[in-house]
Every structure is written in C-alpha cells, then in structure tokens.
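A short write-up of the structure that comes next.
Read-outs: derived from the displayed coordinates by stated rules, not from any lab. The structure displayed is predicted, hence computed values, not measured ones. FYI the Cβ positions are ideal-geometry reconstructions off the backbone, even for glycines, and counts take in every protein chain you see.
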Amino acid sequence: MSLLSESERSGCLKILNMMSEEDLLSLSDTVTNKMIMVEDVTEARETILSFTKNAEELLKRKKVHRDIIFKYLAKEGVAMPPSTEKHQLVKSTLELWSTAKAVIEENIPGVTDDIGHRPVPNTAEEKADVKTDIGCDMLLLGQQFSSWFFRLWNSQNPSLGQQPQDWGAQHFWPDAKLRLVARADNEQLEEFLGAEMVSYRLLALTKEERLHFSPNLEPPGLKVLSSPHGLVLVAVAGTIHRDTVCLGIFEQIFGLIRSPLKNNRWKIKFVNIKIRGQDSLVGIQTTAPTLTYDSSELQMLCNL
C-alpha cells in the first residue's frame with residue numbers, strides 16, 4: 001500500500017497529470033504487474049498512486065521522463081539548469097516535498113480520495129475499526145483527522161501566507177451535509193446539502209471571510225465516538241481568529257465514513273459547526289475551549 005505523504009501524493013498527481021495517456025497506462029501495468037486493468041487515465045493515476053511504495057520509486061520510473069520532472073519543478077518555482085540530469089531533478093523534487101511535509105504535518109491515512117498522509121504508519125487506517133473499546137486508537141484517529149483538516153482548511157486563508165492545499169468536494173461524500181449555527185447578537189442557521197455546496201461554504205469561511213480556526217486537540221476539547229455501522233464522530237472545540245483578533249469560539253462535529261471504492265479512505269459525511277462570537281462569551285475562558293456537548297448528545301448524532 002502507498003505510503004505517500006500529502007505533499008508527495010499531491011506532487012506525484014501533478015506529475016502524472018503531465019504524462020501522456022499511453023505512458024500512464026503503461027506505468028499502471030508496471031506498478032501492478034498487470035494484475036489490475038484500468039479503464040481510463042483517471043483510474044490509472046489512482047492505481048499508480050495506490051501501488052507506489054514511495055515517491056522516489058515513482059520518480060525513477062522510466063515512463064516518468066526527465067523533462068516532465070523538470071517542467072514540474074519549474075511550475076513549483078524551483079529553477080534548475082536545463083542540463084540537470086534526472087537523478088538530480090529527482091533529488092530536488094524529494095527535497096521540495098520533504099520541506100512541504102514538515103510544514104503541513106502528516107494526517108490520517110486516506111481521509112480523502114487524493115491524499116494519503118502517514119503520521120504514524122497505518123495507525124488510523126488499520127487500528128480504527130470503529131469499535132468502542134479502543135478509545136486510545138479512536139482518540140489518535142480524531143487528533144490525526146483534526147490536525148489534517150484544520151491545516152488543510154486554514155491553508156485556504158490568504159492572510160496566513162500559506163500555500164493552499166488540495167481543498168475540494170473530493171473530501172466529502174456526495175450527499176454530505178453542513179449545519180452552521182452562528183450566535184452573536186442573534187442566532188443564524190445555515191444548512192447545505194451535497195459535497196460541492198458543503199465544500200464551497202466551508203471554503204468561504206477561510207478564503208473569503210479570512211477566518212482562522214485553531215482547534216484544541218486534547219480532551220476535553222476533543223471527543224471521538226464510533227458506531228457499529230462504521231460511522232466515526234469527531235467533535236472538536238477551538239478559537240476563531242481574523243489576523244491577530246480572537247473573534248470567538250467554535251465547536252465542530254464531523255461524521256466520517258470509509259469509502260470502500262477509494263481504498264477504504266475516510267471521507268466526511270456531515271459537518272455541524274456552532275460558532276459563538278465574543279459578545280456571547282462573557283465570563284468564558286477562550287484560551288483552551290472545551291466541548292459543551294455531552295456524550296449522550298454526541299451518541300445521538302453517532303447513531304443517526
């Protein structure tokens with residue numbers, strides 16, 4: 001199984017997108033020893049990424065031509081002499097991804113269909129079998145997912161000066177739901193249905209409204225529950241900022257379900273967000289927010 005980090009997987013995908021259909025199909029046959037037949041280039045790319053053990057292995061493949069790696073580095077702002085040999089280009093590419101990996105922090109394996117971090121090899125994917133008697137693994141799963149999600153989400157905020165990561169509807173189930181409750185002077189409720197709508201609305205919070213969400217990834221700011229039906233519920237509290245100003249606190253609940261068609265990668269089924277502005281926080285400590293949901297309320301959501 002692929003052990004590519006998010007930055008490696010994203011970079012490899014960009015390189016694969018630059019390859020010809022003939023080379024992609026040939027490379028897919030090579031990495032799978034012709035055991036898997038693919039129907040199109042999209043399936044070929046996903047198969048190649050899934051069966052690639054590490055980034056260096058893929059970059060050194062004959063079908064990944066020197067010119068493609070050279071062009072990829074140029075697009076990423078890494079200038080190399082035109083005469084640079086392939087092995088040097090491979091080294092520079094791996095260094096680029098390694099630097100990005102250190103900044104991004106690796107996330108839960110396969111939260112979506114086009115990233116695949118490994119913060120602790122296979123821990124979340126193999127151990128989080130949605131059983132209620134493995135609390136430590138569930139907590140780790142929640143921490144890894146939350147760390148990945150908020151880094152990805154916050155990277156869309158232009159005021160933070162970060163390279164935006166691969167945000168999009170691919171992180172959500174097609175019938176995903178978003179419920180957003182904001183409370184300041186009065187309470188406002190917004191609801192959205194569908195991966196595209198949920199993705200766009202969440203994106204607007206960080207990209208357009210320039211909000212920065214800072215989660216508390218330790219209990220009681222984080223709780224994780226699971227159901228016998230495969231749903232994992234991650235609840236996290238935190239503070240909301242714009243530039244240097246703390247605007248309030250939030251509580252966010254995610255419903256996660258694995259996708260058997262995407263190598264059992266976790267995807268988001270629903271998101272519930274409750275935001276409280278500073279005006280409603282009189283007497284409330286906001287440095288390390290805690291969840292106000294009790295276990296019975298979360299269990300009800302988990303059993304929906």
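Values as computed for the structure displayed
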| quantity | calculated |
| --- | --- |
| Farthest toward positive dipole pole in region 162-265 [+1 Lys/Arg, -1 Asp/Glu at C-beta], among SER259, VAL234, ALA195 | SER259 |
| Per-pair calculated FRET efficiency, R0 = 51 Å: GLU21 and ARG201 via Cβ, rounded to 0.05 | 0.90 |
| Flagged links, alpha-carbon separation over 30 Å, of LYS62/LYS267; LYS75/LYS269; LYS14/LYS269 | LYS62/LYS267; LYS75/LYS269 |
| Relative contact order for region 193-264, counting Cα pairs under 8 Å that sit 6 or more residues apart, in percent | 24 percent |
| Simple Cβ-charge dipole of region 12-107, Lys/Arg +1 and Asp/Glu -1, about Cα centre, in debye nearest 20 | 400 debye |
| For peptides 37-43, 214-220, sequence by mean Cβ density within 10 Å, most packed first | 214-220, 37-43 |
| Projected label distance in nm at GLN88 and VAL245, using a 7 Å step from Cα toward the beta-carbon | 5.1 nm |
